[in-house]
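Shown next, in structure tokens, is the structure this report addresses.
The values are calculated or read from the model by the stated rules, or taken from the named source; none is laboratory data. Since the model is a prediction, treat every value here as computed from it, not as a measurement. Neighbour counts run over all protein chains shown; Cβ positions are idealised from the backbone, glycine included. Accessible surface areas use protein heavy atoms only, side chains included; no ligands, DNA or RNA. Shrake-Rupley method; radii C 1.70, N 1.55, O 1.52, S 1.80 Å.
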Amino acid sequence: MASVVLSEAEKVYIVHGVQEDLRVDGRSCEDYRSVEVETDVVSNTSGSARVKLGHTDILVGVKAEMGTPKLEKPNEGYLEFFVDCSANATPEFEGRGGDDLGTEIANTLYRIFNNKSSVDLKSLCISPREHCWILYVDVLLLECGGNLFDAISIAVKAALFNTRIPRVRVLEDEEGSKDIELSDDPYDCIRLSVENVPCIVTLCKIGYRHVVDATLQEEACSLASLLVSVTSKGVVTCMRKVGKGSLDPESIFEMMETSKRVGKVLHTSLQSILHKEESLGPKRQKVGFLG
């Protein structure tokens with residue numbers, strides 16, 4: 001992961017500021033930086049989104065392809081996650097430098113979506129045991145400015161909201177063989193419900209307090225972080241500790257309560273932005289990569 005080198009004086013300044021609920025950029029401990037969300041930015045995908053959170057820049061593309069259901073879940077489709085850490089994001093990702101981080105992020109996403117309530121996977125089934133939709137979710141890290149996991153989870157949720165899957169009909173002839181017919185109408189498609197898709201809220205322990213949406217400088221002052229995936233109703237679905245330091249039970253409880261409060265607000269704001277953007281329709285002015 002991208003890191004910065006700070007002097008002891010800079011670390012003391014950041015830690016003392018956090019204790020007073022005043023961070024270097026003027027935010028309080030529970031404030032996010034401004035988030036920019038844009039969907040439908042990649043033309044050859046089923047759905048896509050780009051999220052900028054401070055100096056963190058994430059691009060997510062979703063591609064729907066037909067495949068065979070898994071043996072243990074014959075009447076469900078499934079999601080596959082791939083994470084690419086671009087060398088443009090930080091020199092540390094050159095060569096195979098970003099592979100470990102990419103695998104860590106992908107495994108975290110698998111854990112978050114490994115429950116029935118996140119996405120209705122049964123709606124992705126075309127014919128049990130034979131055909132289903134597989135959603136390939138590709139995540140590209142364009143720039144690292146701290147708080148990667150939160151930005152990626154926001155981008156994945158926005159891309160899934162934007163995903164449109166062609167409607168399919170299964171036709172069976174007299175001999176019992178099945179043919180699959182895809183609709184030619186681009187508006188005749190299936191939309192995924194993302195209401196229960198969780199977002200990650202990362203809480204970094206700095207001194208005796210914890211902060212959300214930490215910058216690279218604040219992450220350098222933190223020995224332990226807690227990743228909490230929270231739904232729009234404030235339900236915690238997954239939790240993971242990151243870092244070499246330890247967290248006492250009281251701190252974990254406080255961090256979970258903070259994640260529930262912050263997560264609800266984050267979901268409400270994101271849903272509002274996504275619905276507002278969609279309501280503009282063709283009139284929406286696309287920013288893309290030139291904005």
Discussion item. Please go through segment 148-188 and give me each residue that is surrounded by fewer than 16 Cβ atoms within 10 Å (Cβ to Cβ) and assigned to a loop (DSSP other than H, G, I, E, B), ordered by number.
Written reply: R167, D173, E174, E175, G176, S177, S183, D184, D185, P186, Y187, D188
Worksheet item: Restricting attention to segment 103-121, and to residues there that are assigned to a loop (DSSP other than H, G, I, E, B) and open to solvent by 80 Å² or more (accessible area, probe 1.4 Å), which single residue is modelled with the lowest pLDDT?
Response: K116
Discussion item. Take the residues in segment 16-55 that are basic (K, R) and under 14 Å from the mean Cα position of the chain (by Cα); name whichever of them is nearest to A155 (Cα to Cα).
Written reply: R50
Worksheet entry | Residue selected from segment 66-102 under the condition in contact with a helix residue (DSSP H, G or I) (Cβ under 7 Å, 6 or more places away or on another chain) and of a type in the set (S, T, N, Q), by the criterion surrounded by the most Cβ atoms within 10 Å (Cβ to Cβ) | S86
Fill in: Residue list for segment 214-240, filter: free of Cβ contacts under 8 Å to residues at least 40 places away in the same chain and closer than 28 Å to E195 by Cβ
S225, L226, V228, V230, S232, K233, G234, V235, V236, M239
Discussion item. Could you check segment 235-275 and list, in sequence order, the residues that are part of a helix (DSSP H, G or I), under 15 Å from the mean Cα position of the chain (by Cα) and closer than 18 Å to K205 by Cα?
Written reply: G263
Fill in: Within segment 79-124, considering residues that are small (G, A, S) and within 22 Å of G47 (Cβ to Cβ), the one farthest from the chain's Cα centre (by Cα)
S123
Discussion item. Against the definition (crowded, with 16+ Cβ neighbours inside 10 Å and part of a loop (DSSP other than H, G, I, E, B)), how does V197 come out, yes or no?
Written reply: yes
Practice prompt. Taking S232 as the residue in question, decide whether it is open to solvent by less than 50 Å² (accessible area, probe 1.4 Å), outside any helix (DSSP H, G or I) and farther than 19 Å from G146 by Cα.
Written response: yes
Worksheet, complete the sentence: So, first residue modelled with pLDDT of 90 or more in segment 45-58, second residue crowded, with 22+ Cβ neighbours inside 10 Å and aromatic (F, W, Y), Cβ within less than 8 Å, six or more apart or across chains; the pairs are G47/F161; A49/F161
